[in-house]
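This report refers to the structure that appears directly beneath it.
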Amino acid sequence: MEFTASPKPQLSSRANAFSIAALMSSGGSKEKEATENTIKPLEQFVEKSSCAQPLGELTSLDAHGEFGGSVAGNSSPSSSSLCTEPLIPTTPIIPSEEMAKIACSLETKELWDKFHELGTEMIITKSGRRMFPTIRVSFSGVDSEAKYIVLMDIVPVDNKRYRYAYHRSSWLVAGKADPPLPARLYVHPDSPFTGEQLLKQMVSFEKVKLTNNELDQHGHIILNSMHKYQPRVHIIKKKDHTASLLNLKSEEFRTFIFPETVFTAVTAYQNQLITKLKIDSNPFAKGFRDSSRLTDIER
């Protein structure tokens with residue numbers, strides 16, 4: 001007796017549209033389309049040896065000190081081509097004689113020192129959270145007639161992930177760091193500054209926001225939770241003959257690092273002492289200073 005394979009049942013057009021194969025293929029195409037249409041501002045300032053994007057295609061800086069929203073020849077770079085290493089190198093370089101004269105001081109250093117002794121923590125959220133304490137700096141030694149662009153970025157301290165041990169009240173290494181996220185530079189919105197302005201006023205980065213949203217489209221700095229980071233402040237001398245930053249490697253710049261500003265990114269505060277110090281120090285946390293909200297331990 002011979003057995004013949006029964007023919008596959010023919011699905012109606014409506015049934016076929018909801019078949020597993022159809023749903024999987026449509027889901028993949030939607031995901032791919034969403035990835036390709038995701039625009040992440042300021043990530044064009046990132047460079048890596050494997051980067052397909054040359055430095056010459058970096059977004060230009062217009063006459064008002066604002067960076068354009070697209071990369072030359074490609075207004076919507078796909079996430080697969082994004083790089084994760086900072087364009088401005090983390091290794092020290094020898095500055096020019098003129099730039100070597102510039103000094104940078106961290107304002108509210110005493111407050112930063114208090115947090116640093118406890119182990120500073122910064123909250124990161126999907127929508128972005130401002131830093132406290134805020135990075136505020138002042139410059140000296142600049143040319144009063146020159147123009148400067150002031151930037152800030154935040155780089156990993158190491159390649160480790162951490163966890164907080166409550167019984168020891170200390171941070172411990174929990175393993176290797178998570179895959180690096182797209183690196184970003186935050187250009188101070190008042191850039192370019194004249195040297196005269198920098199000599200008279202403090203530069204505050206109070207508008208910088210930290211996020212753990214990899215698809216962020218607002219220019220916030222993207223960080224991994226439970227990782228340690230070091231903020232860096234950069235000053236670049238703006239050349240008179242051009243309005244664009246075509247190649248940051250050829251620009252004259254200085255990088256300033258303040259070790260007391262190192263912090264661990266968290267989605268919720270781990271150390272209660274950090275929580276209390278933030279409430280006591282932050283002028284915007286007045287509501288939390290109500291004694292009725294404090295526990296017996298905090299009193």
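Could you say which residue among Leu151, Leu118, Leu111, Leu199 is open to solvent by 20 Å² or more (accessible area, probe 1.4 Å), aliphatic (A, V, I, L, M) and in contact with a strand residue (DSSP E or B) (Cβ under 9 Å, 6 or more places away or on another chain)?
Working: Leu151 fails: open to solvent by 20 Å² or more (accessible area, probe 1.4 Å); Leu118 fails: in contact with a strand residue (DSSP E or B) (Cβ under 9 Å, 6 or more places away or on another chain); Leu111 fails: in contact with a strand residue (DSSP E or B) (Cβ under 9 Å, 6 or more places away or on another chain).
One residue alone meets the criteria, Leu199.
So if I check each of Arg129, Arg136, which one is closer than 17 Å to Thr211 by Cβ, open to solvent by 60 Å² or more (accessible area, probe 1.4 Å) and modelled with pLDDT of 95 or more? Walk me through how you get there before you give the answer.
Working: Arg136 fails: closer than 17 Å to Thr211 by Cβ.
It is Arg129.
Restricting attention to the range 229-267, which residues are open to solvent by less than 50 Å² (accessible area, probe 1.4 Å), assigned to a loop (DSSP other than H, G, I, E, B) and at pLDDT 95 or above? Once the filter is applied, which keeps residues that are open to solvent by less than 50 Å² (accessible area, probe 1.4 Å), assigned to a loop (DSSP other than H, G, I, E, B) and at pLDDT 95 or above, the range 229-267 yields Phe258, Val262. Condition first: under 23 Å from Thr194 (Cβ atoms) and among the aromatic types (Phe, Trp, Tyr). Now tell me which residues in the range 141-176 satisfy that. Tyr148 - this is the single residue of the range 141-176 that is under 23 Å from Thr194 (Cβ atoms) and among the aromatic types (Phe, Trp, Tyr).
The values are calculated or read from the model by the stated rules, or taken from the named source; none is laboratory data. This structure is a prediction, so every number in the text was calculated from the model and none was measured. Counting neighbours? That spans all protein chains shown, and the Cβs are built from the backbone with ideal geometry, glycine included. For accessibility, only protein heavy atoms count, side chains too; no ligands or nucleic acids. Shrake-Rupley method; radii C 1.70, N 1.55, O 1.52, S 1.80 Å.
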